[in-house]
1. Given a 10 angstrom Cα cut-off, can you work out which residue in 100, 13, 79 is the most mobile in a GNM of the chain?
2. So if each residue of separation counts as 0.36 nm, and I subtract the Cα-Cα distance between residue 20 and residue 145, what length gain in nm does that give?
3. When the chain is fully extended, how far beyond the present Cα-Cα distance does residue 45 get from residue 235, taking 0.36 nm per residue of separation?
4. Measuring from centroid to centroid over Cα atoms, what is the spacing of region 1-52 and region 121-155 in Å?
5. Given R₀ = 35 Å, what would the calculated FRET efficiency be for residue 172 paired with residue 59, taking r from the Cβ atoms and rounding to 0.05?
6. Taking neighbour Cβ counts within 10 Å as the exposure measure, how do 181, 30 sort from fewest upward?
7. Shape of region 63-139 from its Cα gyration tensor (a ≥ b ≥ c, root eigenvalues): rounded if a/c is under 1.5, otherwise prolate when a/b > b/c, or oblate?
8. By per-residue mean of other Cβ atoms within 10 Å, what is the highest-first order of 152-161, 204-213?
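Bear in mind that the values in this text are calculations on the coordinates, not laboratory data. Just so we're clear, the structure is a prediction, and the values are computed from it rather than from any experiment. A quick note on method: Cβ atoms are made from the backbone with ideal geometry, for glycine too, and the neighbour counts reach across all protein chains shown.
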């Protein structure tokens with residue numbers, strides 16, 4: 001990749017500003033001062049510094065975050081804290097998208113990626129990627145079997161929508177694990193409203209077989225290993 005294209009892609013300025021940055025001697029590549037904007041670099045292996053600060057680039061980046069409550073699943077929202085605000089500057093420059101949003105009052109697993117193809121595979125309903133949620137309800141869960149058959153809810157436009165059959169595991173009378181392969185507006189909450197119950201706490205614990213890392217406290221994140229990506233699209237053979 002051309003050096004000027006890489007630096008511009010990471011948001012360090014326009015192509016003209018980036019070329020000036022390079023030609024005036026502000027960039028080093030693997031310990032050597034580089035003043036040629038057209039120099040070819042290997043961004044994932046070369047050490048590239050701008051004014052002494054290393055830059056970070058990865059062609060296919062996936063981040064796992066433990067989203068806290070009261071943080072928005074959004075790239076930018078004036079006056080609000082978003083998941084992007086929790087990232088280091090090196091990751092903020094990677095133009096990440098959110099693969100599966102969570103409500104402001106929900107917590108748990110969020111994936112962020114710069115890989116558009118992977119993003120589509122995760123969020124597209126026809127890909128049947130199940131998202132697993134731990135649900136705490138106001139009233140005892142007495143008729144969860146109805147969710148396993150599919151229920152009618154209202155979507156974001158308040159139009160009737162028939163959900164696909166969900167997977168339910170009862171933990172105790174007020175707690176269950178529910179898995180759905182869709183992502184309609186407030187879907188889990190509206191599914192429980194359809195069976196005359198109310199969700200008081202919601203936490204996403206897995207996407208496919210990729211589980212939220214138990215070592216990640218709320219607000220913390222880490223990169224997803226290449227070897228973990230297939231888990232997103234794996235199914236629980238027991239179900």
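1. In this elastic network of the chain, the residue with the biggest mean-square fluctuation among 100, 13, 79 is 79.
2. Values: separation 125, 0.36 × 125 = 45.00 nm, distance 6.43 nm.
Fully extending the segment from residue 20 to residue 145 adds 38.6 nm.
3. On the way: separation 190, 0.36 × 190 = 68.40 nm, distance 3.42 nm.
Full-extension gain reported as 65.0 nm.
4. Cα centroid of region 1-52 versus Cα centroid of region 121-155: 48 Å apart.
5. After rounding, the FRET efficiency stands at 0.20.
6. 30, 181
7. Numbers: a/c = 2.24, a/b = 1.11, b/c = 2.02.
It is oblate, given that a/c is not under 1.5 and a/b is not larger than b/c.
8. Numbers: 152-161: 11.9, 204-213: 19.2.
Ranking the peptides 152-161, 204-213 by packing returns 204-213, 152-161.
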